[in-house]
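The values are calculated or read from the model by the stated rules, or taken from the named source; none is laboratory data. All figures in this text were calculated on a predicted structure; none of them were measured in a lab. Only protein heavy atoms, including side chains, enter the accessible area calculation; ligands, DNA and RNA are left aside. Shrake-Rupley method; radii C 1.70, N 1.55, O 1.52, S 1.80 Å.
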Amino acid sequence: MSTAPHEDCRMAVVTQSSGYVAGGMPVRVTPFPATPTEWASTYHVRWANSKQGAVARVVSPELSSPETTRAEFEFAQELGAVGIGPKVLHTDLNARVLLMEHVPGTHLTGRAATDRQLQWVADLLQRLHGLHVSNRSRLAELKTAEALKQVRRVIRGHKTMAPYAEALERYASIRKSLAVVKPNEKLCHNDLNPTNMIFGDERMWLIDFDHMGLGDPFFDLATTILSLRFDQQSEQSFLGYYFERPITAAEVRHLDLTKTSVLLRYALMTLALLPPSFDFAQAEHLRGETLPSFVFQHQAGEDFHVAVYRLSRSFLSSALGRCPS
């Protein structure tokens with residue numbers, strides 16, 4: 001997690017940027033709960049004597065280059081302008097601050113989607129995948145490549161990481177199989193975990209665009225189905241709303257293989273979030289745990305990085321459980 005000095009510095013940057021937007025009006029800045037990733041920190045901003053609120057995202061300069069930060073902010077602006085994401089109020093590339101309007105809504109973690117919400121997700125992904133934007137960056141590919149390098153280093157240094165070595169091999173094999181299909185690339189979100197989808201009373205929004213880029217739209221579809229835990233009926237309804245026609249047998253096979261790829265990628269990328277000093281031997285007791293994927297549970301009194309490792313193990317268990325023995 002971020003150290004206190006870093007946190008104080010980020011909050012000061014957010015306060016300065018928020019005050020600039022509000023013409024010097026006093027602001028109150030409070031951090032959102034920590035997430036497994038340290039690429040960015042997020043804050044809720046409220047201006048004094050105003051009902052208006054905002055959300056500030058501060059990108060870590062240690063973990064993101066100026067080029068990828070610029071690309072992320074450009075994606076946020078373009079998607080905010082068309083209503084897929086929240087409207088962007090202010091960007092500061094030097095301070096790496098993105099200030100967006102605060103949209104009213106909640107996540108669906110632990111709750112089943114209604115049929116109306118299934119339609120919202122399908123419609124929004126249709127719109128996203130149909131956009132033609134000027135930004136041609138492939139942020140997910142860049143982050144995945146860097147994460148896999150880190151995972152290989154971890155595997156070489158720890159004898160207990162054989163399941164992750166298998167996951168690496170499976171992931172590479174599946175990616176080759178999927179590449180044969182040569183999908184029609186579209187603009188994709190590439191990180192549709194439950195916290196990156198906000199559902200309001202009348203609509204929904206996507207947030208966090210640090211994995212955006214051209215890619216296979218089936219990755220977004222598969223991630224949505226897995227992360228929102230659609231049952232068979234909900235999945236069929238969602239796909240029907242998205243395609244507006246029956247899904248073909250070839251598409252079913254492609255989607256099924258992509259689901260495994262999604263879980264493997266999240267298992268490996270979450271593992272890469274752990275610091276070099278993490279004691280895998282001490283965390284061996286987590287190997288037998290079977291917790292839901294896409295649900296980050298940081299228990300009271302628990303080391304933060306142990307919770308991150310548990311999340312990675314949940315993805316790994318789900319992914320390998322889908323693979324043929």
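For region 227-279, a Kirkwood hydrodynamic radius built from all Cα pairs, placed in the Stokes-Einstein relation at 20 °C and 1.002 mPa s, yields a translational diffusion coefficient of 160 µm²/s.
Just subtract the alpha-carbon distance of residue 109 and residue 185 from 0.36 nm times their residue separation and send over the number in nm, one decimal. The partial results should precede the final answer.
On the way: separation 76, 0.36 × 76 = 27.36 nm, distance 2.90 nm.
Going from the current span to full extension adds 24.5 nm.
For region 66-148, what does the equivalent ellipsoid look like in terms of its semi-axes, each the square root of 5 times an eigenvalue of the Cα gyration tensor, given largest first in whole Å?
On the way: eigenvalues 126, 59, 43 Å².
Over the Cα atoms of region 66-148, the ellipsoid semi-axes are 25, 17, 15 Å.
So with the 1.4 Å probe, I'd like the accessible area per residue for the chain, rounded to whole Å².
Values: 15900 Å² over 325 residues.
Dividing the accessible area of the chain by its residue count gives 49 Å².
The alpha carbons of region 177-266 occupy a box of 39, 30, 22 Å along the principal axes, longest dimension given first. Amide H to amide H, which residues 5 or more places from residue 89 or on other chains are under 5 Å from it, using H placed in the peptide plane? The list, which skips near neighbours in sequence, is 99, 100, 101. When shorter helices are ignored and each DSSP H run of at least 4 residues is given -39500 (n - 2.57), the per-residue value for the chain at 222 nm works out to -16000 deg cm²/dmol.
Overall form of the chain: oblate. Here a/c, set by the Cα gyration tensor axes a ≥ b ≥ c, is 1.5 or more, and a/b is not larger than b/c.
Expressed as a whole percent, the accessible surface of region 180-274 that belongs to carbon and sulfur atoms is 52, based on a 1.4 Å probe. For the options 275, 36, 292, a Gaussian network treatment of the chain with springs between C-alpha atoms closer than 10 Å singles out 275 as fluctuating the most. Using a Gaussian network model of the chain in which every pair of alpha carbons under 10 angstrom is joined by a spring, one finds that among 174, 207, 225 the greatest mean-square fluctuation is at 174.
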